[in-house]
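Each remark here refers to the structure printed beneath this line.
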Amino acid sequence: MRFVRTAVLAAGLLLSGASTAEPRSDVVPYLEVQQVLTADLNGGGDVLTYTALAAGVDATVETRSVQAQASYRYERRIAWEDDLVDEDIHTGLAQARVQVVPGSVVMEAGALAARARGDAGAPILGFSTSDDPGVSEVYSAYMGPSVSTQAGPLTVNAAYRLSYVKVDDHGLAGLPPVPGAERDRYNSATGHLATVSVGMDPGELPVGWTVGAGYAREDVDRLDQTYEGKYVRADVVVPVSPTFAVTGGIGYEDIAIKQADILRDSNGIPVVTPGGNLVADPGAPRILTYDQDGMIWDVGVIWRPTRRTELQARFGERYGGTTVTASLQHRFRSGWGVSVLVYDSVDSFGRLLTTNLQGVPVDFDMRRNPLFNNVGGIGGCVFGGETGSGVCFDDALQTINSSNFRNRGATILFSGSRGPWGFNFGGGYANRRYIEPVGFALNRVTDESVTLQAGASRALSPTSELNFDAYASWYDSDRLLDASAFGSGITGSYTRRFLLDRLEAQAALGLFHADSNNSDATTAASALLGLRYSF
């Protein structure tokens with residue numbers, strides 16, 4: 001069923017139809033130097049500076065059979081003070097779709113390199129706070145074929161995705177572990193997802209129908225954890241009018257999550273390595289963390305009043321309880337677009353991140369905020385070229401751990417332009433109910449997060465531009481010592497291009513605030529001057 005959410009995330013691209021643009025290729029490598037100053041406004045008066053040397057490439061390829069886009073940047077930060085350490089930072093996003101057999105077989109692939117906060121309860125100053133030990137490097141990639149063909153009146157679909165997620169939390173390794181406490185150090189995970197379906201649209205019969213099946217598996221390094229889910233289900237769509245239909249489905253699903261038990265000392269306290277990692281007990285049997293199998297069903301409506309609007313809503317039974325999901329896509333005639341997604345799933349950090357990555361439009365916006373050179377800029381949302389399209393990574397990157405969880409929430413994306421102005425807005429709410437064995441730190445713990453981001457751009461001339469970005473993030477948890485955290489920020493930047501657009505001057509200012517129950521409030525201001533040369 002995970003392919004349903006991926007399809008909804010990419011619905012903006014689907015509503016716009018297949019690309020018929022003329023073949024084009026645009027590959028722009030660049031070198032960049034930046035000088036950044038950050039001042040503590042809390043009264044301490046500390047001023048920290050660093051120089052950033054960067055190399056990157058922005059590339060777009062579009063032909064009859066290939067749609068691909070990539071944006072990658074390597075940055076070396078050289079500190080001017082002994083209080084800071086030098087850093088190497090990799091950020092990037094890539095998405096590609098290749099028509100292997102036109103109209104039948106498509107190979108899809110994507111990759112992500114980003115920075116995220118490993119400790120959600122810590123203050124949130126953004127993704128690129130210099131020398132922050134709580135920030136982790138996150139890498140993810142997926143690839144696989146999709147097949148769609150006709151067998152008379154029947155439509156046959158099949159797909160396979162291989163995914164990989166890697167987290168480098170070297171900063172956490174340098175922090176002293178709390179005596180006797182476990183630290184959830186995420187290492188890597190490998191995932192497999194296979195789906196197949198056969199169906200028929202209304203026409204030959206007064207109703208449309210689909211029979212489908214799927215299998216998903218994820219292997220996580222930490223404590224040899226495995227997730228295995230499989231389902232089979234049948235759905236029908238009953239047209240009531242040319243624009244409205246009711247739908248329903250019923251099936252069977254089996255989900256099991258297992259892991260190794262942890263090694264404990266004579267007092268029952270978990271044994272951890274010097275770096276804070278838990279140790280598996282080789283003599284203990286594997287623990288069945290989650291076991292849910294049985295009938296699943298849902299009923300709902302589909303409303304398509306115009307080619308620019310689609311609303312779907314479903315209510316049913318899954319995961320041992322009630323589930324509600326919905327999606328809305330609408331393109332306004334004035335050049336604006338909005339998309340809304342309401343979701344409910346049993347997820348993990350790795351599976352959720354992979355799902356979001358698969359939902360990134362191929363024509364995503366490659367613009368980066370100079371002060372926050374991360375995927376999604378100052379926030380975690382990536383917007384597509386089609387208004388209202390895109391995906392937000394906040395629900396995955398808000399916190400990193402290896403636990404599974406019941407994941408419920410909603411996201412909204414809004415974007416468009418008017419004259420020289422461009423606007424975007426992204427927001428999300430996520431509620432996680434963690435699934436861990438009894439005695440583990442996150443067993444039955446619930447956390448919630450709300451994220452908002454907004455951006456505006458103004459073209460001053462063919463070679464100059466102003467950009468404004470803002471974000472706010474709230475996090476709350478009932479786990480011990482991680483009750484709440486808040487972060488906000490606003491930035492403004494100016495860019496001007498010279499020498500046939502090859503040389504670009506940059507200037508940016510930012511103001512940021514962070515607070516949590518575990519530390520004092522922090523307010524900081526940043527200033528940046530930079531030069532980029534594109535080849």
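The values are calculated or read from the model by the stated rules, or taken from the named source; none is laboratory data. Keep in mind that what you see is a predicted model, and the values were worked out from it rather than measured. When we count neighbours, we look across all protein chains shown, and the Cβ atoms used for this are built from the backbone with ideal geometry, even at glycine.
Checking the structure you have, find out if any residue of region 332-352 is among the polar types (S, T, N, Q), assigned to a loop (DSSP other than H, G, I, E, B) and touching a residue at least 24 places away in the same chain (Cβ under 8 Å).
yes
Looking at region 203-220 only, could you name the residues that are crowded, with 16+ Cβ neighbours inside 10 Å and within 27 Å of Gly283 (Cα to Cα)? Scanning region 203-220 gives Glu218, Val220. Here is the figure for region 281-300: residues that are surrounded by fewer than 17 Cβ atoms within 10 Å (Cβ to Cβ), within 13 Å of Leu223 (Cα to Cα) and in contact (Cβ under 8 Å) with a residue 24 or more places away in the chain total 4. Counting the residues of region 325-379 that are among the hydroxyl-bearing types (Ser, Thr, Tyr) and closer than 21 Å to Val220 by Cβ gives 4.
Please indicate, with yes or no, whether at least one residue in region 434-441 is among the aliphatic types (A, V, I, L, M), surrounded by fewer than 16 Cβ atoms within 10 Å (Cβ to Cβ), within 30 Å of Arg286 (Cα to Cα) and at pLDDT below 95.
Scanning region 434-441, I find at least one residue that is among the aliphatic types (A, V, I, L, M), surrounded by fewer than 16 Cβ atoms within 10 Å (Cβ to Cβ), within 30 Å of Arg286 (Cα to Cα) and at pLDDT below 95, so the answer is yes.
Per the listing Asp476, Asp515, Asp520, the residue uniquely part of a strand (DSSP E or B), at pLDDT below 90, exposed (fewer than 15 other Cβ atoms within 10 Å of the Cβ) and on the phi < 0 side of the Ramachandran plot is Asp520. Restricting Val232, Val238 to those that are without any contact (Cβ under 8 Å) to a residue 40 or more places away in the chain, in a strand (DSSP E or B) and under 29 Å from the mean Cα position of the chain (by Cα) reduces the list to Val232.
Taken together, Gly422, Gly416 contain a single residue that is within 26 Å of Thr387 (Cβ to Cβ) and surrounded by 19 or more Cβ atoms within 10 Å (Cβ to Cβ), which is Gly422.
What number of residues in region 221-236 are aliphatic (A, V, I, L, M) and surrounded by 19 or more Cβ atoms within 10 Å (Cβ to Cβ)?
So the answer is 1.
Regarding region 369-376, can at least one residue be identified that is of a type in the set (A, V, I, L, M, F, W, C) and within 16 Å of the chain's Cα centre (by Cα)? Yes, there is a match, as at least one residue in region 369-376 is of a type in the set (A, V, I, L, M, F, W, C) and within 16 Å of the chain's Cα centre (by Cα). Just checking, does region 245-253 include any residue being surrounded by 14 or more Cβ atoms within 10 Å (Cβ to Cβ), over 28 Å from Thr149 (Cα atoms) and either of a type in the set (Asp, Glu) or under 28 Å from the mean Cα position of the chain (by Cα) (or both)? There is no residue in region 245-253 that is surrounded by 14 or more Cβ atoms within 10 Å (Cβ to Cβ), over 28 Å from Thr149 (Cα atoms) and either of a type in the set (Asp, Glu) or under 28 Å from the mean Cα position of the chain (by Cα) (or both). The residues of region 392-433 that are small (Gly, Ala, Ser) and part of a strand (DSSP E or B), listed by number, are Gly409, Ala410, Ser415, Gly416, Ser417, Gly422, Gly426, Gly427, Gly428, Ala430. Please work out which one of (1) surrounded by fewer than 18 Cβ atoms within 10 Å (Cβ to Cβ); (2) assigned to a strand (DSSP E or B) is the condition Tyr471 fails and give its number. Only one criterion in (1) surrounded by fewer than 18 Cβ atoms within 10 Å (Cβ to Cβ); (2) assigned to a strand (DSSP E or B) is unmet by Tyr471, namely (1).
Test Phe383 against the criterion of being at pLDDT 90 or above, out of contact with any Leu (no Cβ under 9 Å at 6 or more places or on another chain) and not acidic (Asp, Glu), and give yes or no. In short, no.
Among the residues here, Val138 does not qualify as part of a loop (DSSP other than H, G, I, E, B) and at pLDDT below 95. In this structure, Val450 does not satisfy being under 30 Å from Gly268 (Cα atoms) and either surrounded by fewer than 17 Cβ atoms within 10 Å (Cβ to Cβ) or at pLDDT below 95 (or both). Annotation note: of Ala256, Ala216, the sole residue that is among the aliphatic types (A, V, I, L, M), in contact with an Asp or Glu (Cβ under 6 Å, 6 or more places away or on another chain) and modelled with pLDDT of 95 or more is Ala256.
Scanning region 254-263 for residues that are assigned to a strand (DSSP E or B) and either over 29 Å from the mean Cα position of the chain (by Cα) or under 27 Å from Pro202 (Cα atoms) (or both) gives a single hit, Ile262.
So which residues in region 434-466 are aromatic (Phe, Trp, Tyr) and either closer than 27 Å to Gly380 by Cβ or part of a strand (DSSP E or B) (or both), if there are any at all?
Matches in region 434-466: Tyr434 only.
Yes or no, residue by residue, for (1) touching a Lys or Arg at 6+ places or on another chain (Cβ under 7 Å); (2) crowded, with 22+ Cβ neighbours inside 10 Å; (3) within 30 Å of Ser136 (Cα to Cα):
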{"residue": "Tyr343", "(1), (2), (3)": "yes, yes, yes"}
{"residue": "Thr354", "(1), (2), (3)": "no, yes, yes"}
{"residue": "Val360", "(1), (2), (3)": "no, yes, yes"}
{"residue": "Val375", "(1), (2), (3)": "no, yes, yes"}
{"residue": "Gly385", "(1), (2), (3)": "no, no, yes"}
{"residue": "Gly390", "(1), (2), (3)": "no, yes, yes"}
